[in-house]
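The values are calculated or read from the model by the stated rules, or taken from the named source; none is laboratory data. What you see is a predicted model; the values in this text were computed from it and never measured. So basically every Cβ, Gly included, is an ideal-geometry build from the backbone, and we count neighbours across all protein chains shown.
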Amino acid sequence: MELERLLRSQGFGSRAECRGLVCTGRVSVEGRVCNDPLAQFEPEGLSFAVDGQPWAYRRFVYLALNKPAGHECSRRPIHYPSVFSLLPIPLVRRGVQAVGRLDADTTGLLLLTDDGAFIHACTSPRRMVPKVYEVSTRHAVDDGQVAALLSGVVLHDESQAIMAAACDRQGERSLRLTVTLGKYHLVKRMVAAAGNRVEALHRVAIGGLALPATLAAGRWTWLEAADLALLAPRSLPG
Ligand code: URA
């Protein structure tokens, strides 16, 4: 692949902008400056640097972000900064999207990718990918609330009861709740329907992929094939 095209595919701007980067000596490939925008490289496994910042060619990117509170998952946020402001510009420019959304006040594991098939597979209701939340509640959690969440609660505007796939009381005012759907305010509405109220919500895992303990709020990390396999073995691409 031509170097300028390769850079474009990785989010470094238009073809003209990428050509400009190469022609001004700002791009090195495998450790050597290359100022020929039409130089051909095999992209798979290629390491390059732009302005000294190292990158590896990736056909698609898959990221885990520890979403902080006070950030919206939209590219055009209204009230708070966007989670995309936490990513390097090339990742935003190559069209990375959030895989489902978390509310502005929800924290924890958010996946992002530019692989549309992956987004579809993760968010399809048929796949029933489990999402695990730590829920802090306003009132003490009682057995009846846990039982209601497990047996199913009927939400406003929904015809069928929605069940938690798992629900464990963690403390007087906290729950660990697993849901397999991805509806608007789902956990908050379920907990309200069970007679309590969510005060704070933190997503700790999606399928078997846990939020890395070392990933501070606001930081992101690459996900590799082994990480993606943990999401839902056999059913997801990547
Ligand atoms: N359920 C909610 O209510 N909010 C979220 O952000 C995620 C799940």
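Strands (runs of 3 or more DSSP E) fully within the stretch 51-144 that include at least 3 residues being away from the ligand (no atom under 16 Å from the Cβ) and out of contact with any Leu (no Cβ under 7 Å at 6 or more places or on another chain): 53-56.
Can you spot a residue in the stretch 179-192 that is aromatic (Phe, Trp, Tyr), surrounded by 14 or more Cβ atoms within 10 Å (Cβ to Cβ) and under 22 Å from Cys122 (Cβ atoms)?
No; the residues of the stretch 179-192 include none that is aromatic (Phe, Trp, Tyr), surrounded by 14 or more Cβ atoms within 10 Å (Cβ to Cβ) and under 22 Å from Cys122 (Cβ atoms).
Before we move on, is Ala166 closer than 18 Å to Ala205 by Cβ, more than 14 Å from the ligand (Cβ to nearest atom) and small (Gly, Ala, Ser)? Answer is yes for this residue. Selection within the stretch 27-50: residues that are in contact (Cβ under 8 Å) with a residue 40 or more places away in the chain and part of a loop (DSSP other than H, G, I, E, B). The member of this set that is surrounded by the fewest Cβ atoms within 10 Å (Cβ to Cβ) is Glu42.
The single condition from (1) at pLDDT 95 or above; (2) touching a Cys at 6+ places or on another chain (Cβ under 9 Å) that Cys73 fails is (2). Whether a residue is under 30 Å from Leu21 (Cβ atoms) and hydrophobic (A, V, I, L, M, F, W, C) was assessed, and Ile162 does not pass this test.
Can you say whether Val92 is on the phi < 0 side of the Ramachandran plot, without any contact (Cβ under 8 Å) to a residue 60 or more places away in the chain and not polar (S, T, N, Q), as far as the supplied structure shows? When the stated conditions are applied, Val92 does not pass them. Hey, does the stretch 203-224 have a residue that's over 30 Å from Phe60 (Cα atoms) and within 16 Å of the ligand (Cβ to nearest atom)? Within the stretch 203-224, not a single residue is over 30 Å from Phe60 (Cα atoms) and within 16 Å of the ligand (Cβ to nearest atom). The requirement of being touching a residue at least 60 places away in the same chain (Cβ under 8 Å) and more than 23 Å from the chain's Cα centre (by Cα) is satisfied by Arg197.
The single residue among Gly171, Gly207, Gly144 that is surrounded by 14 or more Cβ atoms within 10 Å (Cβ to Cβ) and not hydroxyl-bearing (Ser, Thr, Tyr) turns out to be Gly207.
For Ala210, indicate whether it is under 15 Å from the mean Cα position of the chain (by Cα), small (Gly, Ala, Ser) and under 24 Å from Gly70 (Cβ atoms). Quick ask: steps written out before the conclusion?
Details: under 15 Å from the mean Cα position of the chain (by Cα): yes; small (Gly, Ala, Ser): yes; under 24 Å from Gly70 (Cβ atoms): yes.
Criteria met by Ala210.
Screening Leu230 against (1) closer than 13 Å to Val132 by Cβ; (2) modelled with pLDDT of 95 or more; (3) within 15 Å of the chain's Cα centre (by Cα) leaves a single unmet condition, (2).
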